[in-house]
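Student: Before I ask anything, let me first share the structure, which is written out below as structure tokens.
The values are calculated or read from the model by the stated rules, or taken from the named source; none is laboratory data. This structure is a prediction, so every number in the text was calculated from the model and none was measured. In this analysis, Cβ positions are derived from the backbone assuming ideal geometry, glycine residues included, and neighbour counts consider all displayed protein chains. Accessible surface areas use protein heavy atoms only, side chains included; no ligands, DNA or RNA. Shrake-Rupley method; radii C 1.70, N 1.55, O 1.52, S 1.80 Å.
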Amino acid sequence: MKWMASSWKILVSIVVFGFAGAAPAWSAAPAQVATQAVLWAAPDGHGAACTSRNPCSLSAAQAAVRKVEGGRHPAGVTVELTDGTYRLSKPLEFGAADSGSTGHPVVWRAAPGAHPVISGATRVTGWSQVGSTGVWSASVPRGSASRQLYVDGTEASVAQATPAALHFTGGWVGSATGYDLSKDAAAVAWFAQLTPAQLAQVEFDYPGGSGP
């Protein structure tokens with residue numbers, strides 16, 4: 001299968017706080033300063049230690065947070081993400097079990113000086129030019145449905161076609177529910193040869209704004 005790969009990324013800045021209640025106005029003994037639990041994650045992390053010398057993966061860090069929170073650590077827990085790109089094969093989901101509680105804050109943040117990126121992109125290699133057209137092609141996993149392509153961190157254009165290049169004659173009639181193409185034989189024939197899955201991937205771009 002030949003296609004253009006997509007990419008999305010989010011800069012790590014996930015912070016979930018639990019707010020402690022006000023301290024009482026009296027105390028029978030000096031307050032004890034609790035030490036917060038700190039876990040470390042890395043793009044190549046493995047195991048369940050989650051220490052600065054042996055960081056773990058994001059999923060392992062999440063599991064470790066839940067374990068610490070289950071024991072109600074007196075000062076909460078912080079997860080430090082070291083530098084690099086964390087490539088995910090499935091979404092990283094946060095729920096109530098990851099949110100901490102009153103007096104037990106859970107904080108996810110970049111390690112000092114680090115700029116971690118969580119990415120669900122598929123890395124594509126083996127590009128080759130199609131003849132001398134300036135269009136490049138590469139194989140991607142079957143079932144890929146890409147909307148965006150990034151090259152060295154910068155979004156790049158994907159292969160596309162104008163109505164003129166497809167020999168559409170126009171004359172489409174638009175409405176709130178779609179287009180009537182019956183007066184454009186070339187367009188009717190082009191859409192008719194697409195499978196339902198391919199039709200679902202068709203995008204319309206309006207460089208001049210909605211209407212033209």
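Student: Could you look through the range 84-106, keep only residues that are more than 16 Å from ALA42 (Cα to Cα) and of a type in the set (A, V, I, L, M, F, W, C), and pick out the one that is most open to solvent (accessible area, probe 1.4 Å)?
Tutor: It comes out as ALA96.
Student: Checking the conditions here, which among GLY126, GLY208, GLY120, GLY134 is loosely packed, with under 10 Cβ neighbours inside 10 Å and under 30 Å from SER57 (Cβ atoms)?
Tutor: GLY126
Student: Taking the range 182-196, which residues are within 32 Å of the chain's Cα centre (by Cα) and open to solvent by 70 Å² or more (accessible area, probe 1.4 Å)?
Tutor: Scanning the range 182-196 gives a single hit, PRO196.
Every residue, every condition in (1) part of a strand (DSSP E or B); (2) in contact with a strand residue (DSSP E or B) (Cβ under 8 Å, 6 or more places away or on another chain); (3) touching a residue at least 60 places away in the same chain (Cβ under 8 Å); (4) surrounded by 12 or more Cβ atoms within 10 Å (Cβ to Cβ), yes or no:
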{"site": "SER144", "(1), (2), (3), (4)": "no, yes, yes, yes"}
{"site": "TYR150", "(1), (2), (3), (4)": "yes, yes, yes, yes"}
{"site": "VAL158", "(1), (2), (3), (4)": "no, yes, yes, yes"}
{"site": "ALA161", "(1), (2), (3), (4)": "no, no, no, no"}
{"site": "HIS167", "(1), (2), (3), (4)": "no, no, no, yes"}
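Student: Of a type outside the set (Asp, Glu) and more than 29 Å from ALA41 (Cβ to Cβ): which single residue out of SER132, SER144, SER119 fits that description?
Tutor: SER132
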